[in-house]
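Please read the structure below before turning to the comments.
The values are calculated or read from the model by the stated rules, or taken from the named source; none is laboratory data. Everything numeric here is computed off the predicted structure, so don't read it as measured data. Backbone-built Cβ (ideal geometry, glycine too); neighbour counts: all protein chains shown.
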Number of protein chains: 2
Amino acid sequence: MLPNKVSIFEVGARDGLQNEVPVSSNAKVQLIENLADAGINRIEAGSFVSPKWVPQMADSSEVIKSITRKQGVKYSALTPNLKGFELALDAGVDEVAIFGAASQSFSQKNINCSIEESIERFIPLMEKAKSLNIPVRGYVSCVLGCPYEGDIDVAEVARVSAILYNMGCYEISLGDTIGVGTPVKARRMVETVAKQVPVDKLALHFHDTYGQALANILACLETGVSVIDASVAGLGGCPYAKGASGNLATEDVVYMLNGMGIETGIDLTKLAKAGHAISQVLGRANGSKVANALL
Amino acid sequence: MLPNKVSIFEVGARDGLQNEVPVSSNAKVQLIENLADAGINRIEAGSFVSPKWVPQMADSSEVIKSITRKQGVKYSALTPNLKGFELALDAGVDEVAIFGAASQSFSQKNINCSIEESIERFIPLMEKAKSLNIPVRGYVSCVLGCPYEGDIDVAEVARVSAILYNMGCYEISLGDTIGVGTPVKARRMVETVAKQVPVDKLALHFHDTYGQALANILACLETGVSVIDASVAGLGGCPYAKGASGNLATEDVVYMLNGMGIETGIDLTKLAKAGHAISQVLGRANGSKVANALL
């Protein structure tokens, strides 16, 4: 049974732009406002990770403060710790996100600690968020493979997902960080996680590095999952660039859902124009096939 | 039930190269030999359409004659009429292909006659092929949409497919020529056609113009269809070029099938190298995400 509605969680302004050449704060604000205008109501608007790690996100506070808010839209930011959480809250986010990994090696190389240590570090943030009634989203990376370990046991994905959910995350976003997944495995992974976290609390965050993201999403939609992360114009990695992260273009998934009669509330033409505008600012090809075909 | 095996019908050297800048006959021969070496055993090697229409294919006879044949590989060519059929046979093809459309407007604009007239014209070719025991493949274009008419009635797709099959075509390749299809519609189309043509005589020829091809294939595999047309390196249309035809990259579908445990007999690394080599000859970006990720 396919869902009647799917909620799109737009990550282009964060997961996308953090992997592109830096753009002005104004360009980010414009992008975020254009996305809201296209009908997207969940937007990751920035990151409060150290600017030493991710200089592209150094102005997240300024960006979030400058957005002309649209009613009904939730603006979010990635926050690695209590300090980041407080900065994000000060900037005016509606919710935040934390990130764990399903791979020990990836956790060590990416954030320099074990999975357990990374979760331990989120406890003060989670407590503060709870006391202030701020929703926290949890990312789990490497759910279909790790650049260092290769295959990842789905039981480990379920274990980490359940820890984050039980800590209080309202939704768990399952990330195929390197885009290596294929449909049967993707579906089996979601089914396994759904035994420990309610399926309506799961989201799919699939990268398109190997061109598999839409097929993987299709395979997973029948499990009941109905939240999809995507990045307008495929921001975050041109598929023709070496080492691209290969974010899935929001336009392409919205086109598929439209064609399947699944409601998203998004105006595809406006969305494609939003992606076209930021692609021009970046001086890069638009990573959405739908946008290239439509515009 | 997914198939255990899928047969790949490689169209890069024809449907691909006919939409690219011209390359030398030697480069075509090398491509075709590389594809066979990678384990592809069904290769469309040229077209005997008038060189006035498709100058890129003017040397098909020379190309096919020059190939060092690999045992077990079938070399095919597109033939619009008896004259083309005889030229193809003289060049040494193992089989030929004819093409019809599921859209009257497309038929008129593309080959300047109605669907019925186009089929009428194939009768002498079909009779000759039958007398010589040469297999004929039938293409049906616009099965999921037409650039002039928009939506196409699946009953019309089934009707044209059945005519070609009943005329003697051993397989019907269902072409989403402009790549507009989405999974639910694609599956319904195949199911409808399969009521008139046995499903094991159907092939999927889906373009990736809107990024939907793999998802559409996934949706159709469960109907029992197990032949897929694809174009190495996505030859025939860089997804970032205006008006690109957007052929599906063979590497990307083989990667998906491998990941799903479906056998193709193809060496993905060799295939990716074949696509890389022809992309370099063309001086264009490789249209396969898998190839870009692997190489």
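Considering only residues that are at pLDDT below 95 and aromatic (Phe, Trp, Tyr), which ones fall in region B:226-280? Passing the criteria: only B:Tyr240. Filtering region B:247-295 to residues that are under 23 Å from A:Lys185 (Cα atoms), more than 11 Å from chain A (Cβ to nearest Cβ) and surrounded by fewer than 17 Cβ atoms within 10 Å (Cβ to Cβ) leaves B:Glu263, B:Gly265, B:Asp267, B:Thr269. Listed by first and then second residue, the pairs linking a residue in region A:1-21 that is away from chain B (no Cβ under 14 Å) and under 15 Å from A:Thr250 (Cβ atoms) to a residue that is assigned to a strand (DSSP E or B) and at pLDDT below 95, with Cβ atoms under 6 Å apart and 6 or more places separating them unless they lie on different chains, are A:Gly16/A:Asn247. Among the numbered conditions (1) under 27 Å from B:Lys289 (Cβ atoms); (2) buried (at least 24 other Cβ atoms within 10 Å of the Cβ); (3) away from chain A (no Cβ under 12 Å), the only one that B:Val193 does not meet is (1). So, B:Thr223, is that one surrounded by fewer than 24 Cβ atoms within 10 Å (Cβ to Cβ) and either more than 10 Å from chain A (Cβ to nearest Cβ) or within 18 Å of the chain's Cα centre (by Cα) (or both) or not? For B:Thr223, the condition - surrounded by fewer than 24 Cβ atoms within 10 Å (Cβ to Cβ) and either more than 10 Å from chain A (Cβ to nearest Cβ) or within 18 Å of the chain's Cα centre (by Cα) (or both) - is met. Among all positions in region A:118-131, there is no residue which is at pLDDT 95 or above, surrounded by 21 or more Cβ atoms within 10 Å (Cβ to Cβ) and closer than 25 Å to A:Arg188 by Cα.
Do we find a residue being within 14 Å of another protein chain (Cβ to nearest Cβ), touching a residue at least 60 places away in the same chain (Cβ under 8 Å) and of a type outside the set (Lys, Arg) anywhere in region A:160-177? Yes. Residues that are within 9 Å of chain A (Cβ to nearest Cβ) and out of contact with any strand residue (DSSP E or B) (no Cβ under 9 Å at 6 or more places or on another chain) within region B:181-190 comprise B:Thr182, B:Pro183, B:Val184, B:Lys185, listed in sequence order. Tallying residues that are within 19 Å of the chain's Cα centre (by Cα) and crowded, with 18+ Cβ neighbours inside 10 Å within region A:135-162 yields 15. A:Leu218 passes every criterion in (1) assigned to a helix (DSSP H, G or I); (2) more than 20 Å from A:Glu44 (Cβ to Cβ); (3) touching a Phe, Trp or Tyr at 6+ places or on another chain (Cβ under 8 Å) apart from (3).
Residues of region B:7-17 include at least one that is closer than 25 Å to B:Asp267 by Cβ and out of contact with any Ser or Thr (no Cβ under 8 Å at 6 or more places or on another chain). When B:Val21, B:Val29 are screened for being modelled with pLDDT of 95 or more, out of contact with any strand residue (DSSP E or B) (no Cβ under 7 Å at 6 or more places or on another chain) and of a type in the set (Val, Ile, Thr), only B:Val29 passes. Here B:Ala203 meets each of (1) within 14 Å of chain A (Cβ to nearest Cβ); (2) closer than 27 Å to A:Gly261 by Cβ with one exception, condition (1).
Within region B:85-94, not a single residue is hydrophobic (A, V, I, L, M, F, W, C) and at pLDDT below 95.
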